[in-house]
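Note sheet for the following structure.
The values are calculated or read from the model by the stated rules, or taken from the named source; none is laboratory data. Predicted, not measured: the structure shown is a model, and the values here were computed from it. Using ideal geometry, Cβ is built from the backbone for each residue, glycine included, and neighbour counts are taken over all protein chains shown.
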């Protein structure tokens, strides 16, 4: 686990503990040895806007969920799902993202998830992509730590399909220096939404309205869209495929509302 405190410099109350998945590009250790990534930047924006200090703790995604459930973390970003609602209370949307399946460029055509019958399908461990994927008995789901690892396995023939968010796949291609021409988008698995959750028992804490209002303001003024879709973490050209299909260039149409 690695943590870094972010927020304003003058005297502050005890920092809020924010669990952050150590899954690139959401959370990772940079060349300087400090946490960075899209969610680390989000927490910095949130801390600045709310005027509160926040400590970002990089953890495996299942540990983010567990820490929030146990109260070891005050807040964390999780995919919206029934299990997330059991663990925490949503303060609102952080980002809506597309989930796609990549296959080798030489693979056949696919029209739906059932076409993956009998195949080895990689996914980022702990992620929820909807019941049709999460509970599908027709293919073997193989959990990997990150899209980086899954893409490497796909390129080596150890997976037949890799499913992840568009941002994770785009960054994975860039980070592993894998040419996009090696792969193609088999199909769009769906759209998922990530919200900012707080521990249920801390819902009445005095800082909660400040954090909720800051999140609402960041979403309203376009700060969140710029963070997740107009950043410079990877060149856009590194994540473009045949027929002009590029990953993580624009927000998908929302399918979930809270």
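Quick notes on this structure:
- Checklist (1) touching a strand residue (DSSP E or B) at 6+ places or on another chain (Cβ under 7 Å); (2) modelled with pLDDT of 95 or more; (3) not assigned by TED's automatic domain parsing to the domain that holds residue 211 applied to residue 127, failing item: (2)
- Count - residues of the stretch 30-50 that are buried (at least 19 other Cβ atoms within 10 Å of the Cβ) and modelled with pLDDT under 90: 1
- Test: residue 236 is out of contact with any helix residue (DSSP H, G or I) (no Cβ under 9 Å at 6 or more places or on another chain) and surrounded by fewer than 15 Cβ atoms within 10 Å (Cβ to Cβ): no
Every residue, every condition in (1) buried (at least 17 other Cβ atoms within 10 Å of the Cβ); (2) over 19 Å from the mean Cα position of the chain (by Cα); (3) in contact (Cβ under 8 Å) with a residue 40 or more places away in the chain; (4) in the same structural domain as residue 31 (by TED's automatic domain parsing), yes or no:
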{"site": "169", "(1), (2), (3), (4)": "yes, no, yes, no"}
{"site": "179", "(1), (2), (3), (4)": "no, yes, no, no"}
{"site": "183", "(1), (2), (3), (4)": "yes, yes, yes, no"}
{"site": "203", "(1), (2), (3), (4)": "no, yes, yes, yes"}
{"site": "214", "(1), (2), (3), (4)": "yes, yes, yes, yes"}
{"site": "218", "(1), (2), (3), (4)": "yes, no, yes, yes"}
{"site": "222", "(1), (2), (3), (4)": "no, no, no, yes"}
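- Enumerated helices (runs of 4 or more DSSP H) restricted to the stretch 152-258, each holding at least 3 residues that are farther than 30 Å from residue 114 by Cα: 208-220, 223-229
- Any chance residue 89 is modelled with pLDDT of 95 or more and surrounded by fewer than 23 Cβ atoms within 10 Å (Cβ to Cβ): yes
- Residue identified as modelled with pLDDT under 95 and over 21 Å from residue 81 (Cβ atoms) among 134, 148: 148
- Top-ranked residue in the stretch 1-29 [being surrounded by fewer than 17 Cβ atoms within 10 Å (Cβ to Cβ) and modelled with pLDDT of 85 or more; ranked as farthest from residue 60 (Cα to Cα)]: 14
- Residue 141 vs. criteria free of Cβ contacts under 8 Å to residues at least 40 places away in the same chain and assigned to a strand (DSSP E or B): yes
- Taken together, the residues in the stretch 101-126 that are surrounded by fewer than 21 Cβ atoms within 10 Å (Cβ to Cβ) and under 15 Å from the mean Cα position of the chain (by Cα) amount to 2.
- Checked against the criteria, residue 53 does not count as touching a residue at least 12 places away in the same chain (Cβ under 8 Å) and in the same structural domain as residue 167 (by TED's automatic domain parsing).
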